[in-house]
Every structure is written in structure tokens, then in C-alpha cells.
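The values are calculated or read from the model by the stated rules, or taken from the named source; none is laboratory data. Since this is a predicted model, take the numbers as computed values, not measurements. Here the Cβ positions follow ideal geometry from the backbone for every residue, glycine too, while neighbour counts run over all protein chains shown. These area figures cover heavy atoms from the full protein model, side chains too; ligands, DNA and RNA do not enter into them. Shrake-Rupley method; radii C 1.70, N 1.55, O 1.52, S 1.80 Å.
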Amino acid sequence: MSGIIIGLFLLAAYLFGSIPTGYLVAKALKGIDIRQYGSGGTGATNVLRNVGKGAALAVLAIDVLKGSAAVLLAKYGYPWVAAQAELSVSPGAIAWIVTAASLLVLIGHSRSVWINFMGGKSAASGLGILLAMAWPVAIGALFVFIGVLAISRIVSLSSVGAAIAAFVLMVVTHQPLPYALLGLAGGLYVILRHQSNIRRILAGTEPRLGSNRSSQSPQA
């Protein structure tokens, strides 16, 4: 019974993450498939460049919220359901379940079942996860993101910097081991998703915030 309940919560986490916010907003407002424009991603940055600021803010907010919602569901919903089923649950077990749910949110966002396993790069959903899991870490990572963005005006570089900072802050603030491991795994996943951006940064061709670069076909 416990395994089935955990499985259902993890499935819910993936489905939360897989909501293709950017794709739906772009379709609704402009009638376009955002995957065919700019970077080909469904995240707020690509929506900003190809749909507009209002749409990008909506996508950003929803993606943050869905990350937080999935974590809160696992963090508080699972213990409640387990209690109703008269199952004993230790705090350590809950931390691992929350960690697994968080990873599935990230995977769901970048590999959505609804749009042929495509998606965004999981930065906004990652922020939502951190806010629900360990808000001091989230605030610290957000400050790093804003600082790097102010200096470089490169969103992808800011996202990578925030991902690295999240892991460091997990360790520095003595978060539970599963959370620290999530910071490591999640950070590596975000960096992996930004491989093409990193190559363009090194080549000096990564677009900066405010540029109007877009294309009918996804960039490599």
C-alpha cells in the first residue's frame, strides 16, 4: 500500500512538471508552436523573445508555482494520506519522497508527455521547488541569478550560476542530505539542459536579454 501511495504522489509530481505552460500560452496568444521559434524551448525566456513580456511573466509565474505545488503536495499531502491509511512515516522518508518528487518535476518540465517529451530547461520550476523545499536557499539562488543577469544580461548563464549556487547553499545551510543531493543532481541537470547555451556563451554568440533574436526554426 505504501509503495502505491508513494508512486501516485511521484506521478502527480511529474504531471505537475509536465504542464507545458509556455507552449499553451504561445498557442493561446499568438497561435504559434513556440517549439518552432528561437531556442525551441517552452520556457519564459523563449516566450519573452517570441510572444512578449506579459506572456513571459505569466509563464514564469506558473512554472514557479507548479514546482512549488508538486513539492508541497509531497511534503504535506503524503504524510496526511499515510496517516489516514495508518502507515508510519519517518521525517527521513518524507525528505527522500520530496526529493524524488522534485526531480520528477524537473524532468516533467523538460520532457513533457503532452508535447512529445520536449519542454523547457527547468530553471523556473527549479526555483519553485527550492521555495517550497528550503526558502533561504531559493532566495540566495535568486540573488545569484539576478546578480549574474545584471552583469552579463545572459539568462542562460544566470540560470547555470543559480543552479550551482543552490547546491552550495544547500550544504552551507545544513539542509537534509536528500535535499543536498537534489541540489547537486538538479544543478547538474540544469547545466546539462544548457549545454548548447554554454557552447554559445564560450563562442560569444549567446543572445543577451533585450535582443530580438528569433527564428522560425529552433537554434542548435
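Summary of computed values
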quantity: Volume of the Cα convex hull of region 149-204, divided per residue and given in Å³; calculated: 67
quantity: Heavy-atom accessible area per residue - region 95-154, 1.4 Å, Å²; calculated: 43
quantity: Cα-Cα separations in the chain greater than 25 Å, expressed as whole percent; calculated: 38
quantity: Total lysine pairs whose alpha carbons fall under 22 Å of each other in the chain (8 or more apart, or interchain); calculated: 9
quantity: Calculated over region 13-119: convex hull of Cα atoms, volume per residue (Å³); calculated: 95
quantity: Kyte-Doolittle mean at least -1.0, axial Cα span of 27 Å or more - DSSP H helices of the chain; calculated: 53-72, 91-110
quantity: Per residue solvent-accessible surface (Å²) - region 1-65, probe of 1.4 Å; calculated: 46
quantity: Pairwise label distance in nanometres, R199 with Q36, each label 7 Å out on the Cα-Cβ vector; calculated: 2.4
quantity: Amide H contacts of S112 (H built 1.01 Å from N, under 5 Å, at least 5 apart or other chain); calculated: F117, M118, G119
quantity: Scaled radius of gyration (Cα, divided by 2.2 N^0.38 Å) that region 60-184 gives; calculated: 1.10
quantity: Total charge dipole magnitude, region 23-101, about the Cα centre, Cβ charges on Lys, Arg, Asp, Glu only, Debye to nearest 20; calculated: 400
quantity: Fraction in percent of alpha-carbon pairs per bin - 10 Å, region 1-76; calculated: 20, 41, 23, 13, 3
quantity: C-alpha center-to-center spacing [region 28-61, region 92-127] in angstrom; calculated: 20
quantity: Accessible-area composition of the chain, carbon plus sulfur, in percent [1.4 Å probe]; calculated: 71
quantity: R153 paired with R208, simple spin-label distance in nm, labels 7 Å along Cα-to-beta-carbon; calculated: 0.4
quantity: Sum of -39500 (n - 2.57) over DSSP H runs of 4+, divided by residues of the chain (222 nm, nearest 500); calculated: -22500 deg cm²/dmol
quantity: Semi-axis lengths, Å, region 43-97, gyration tensor of Cα atoms, sqrt of 5 times eigenvalues; calculated: 37, 10, 6
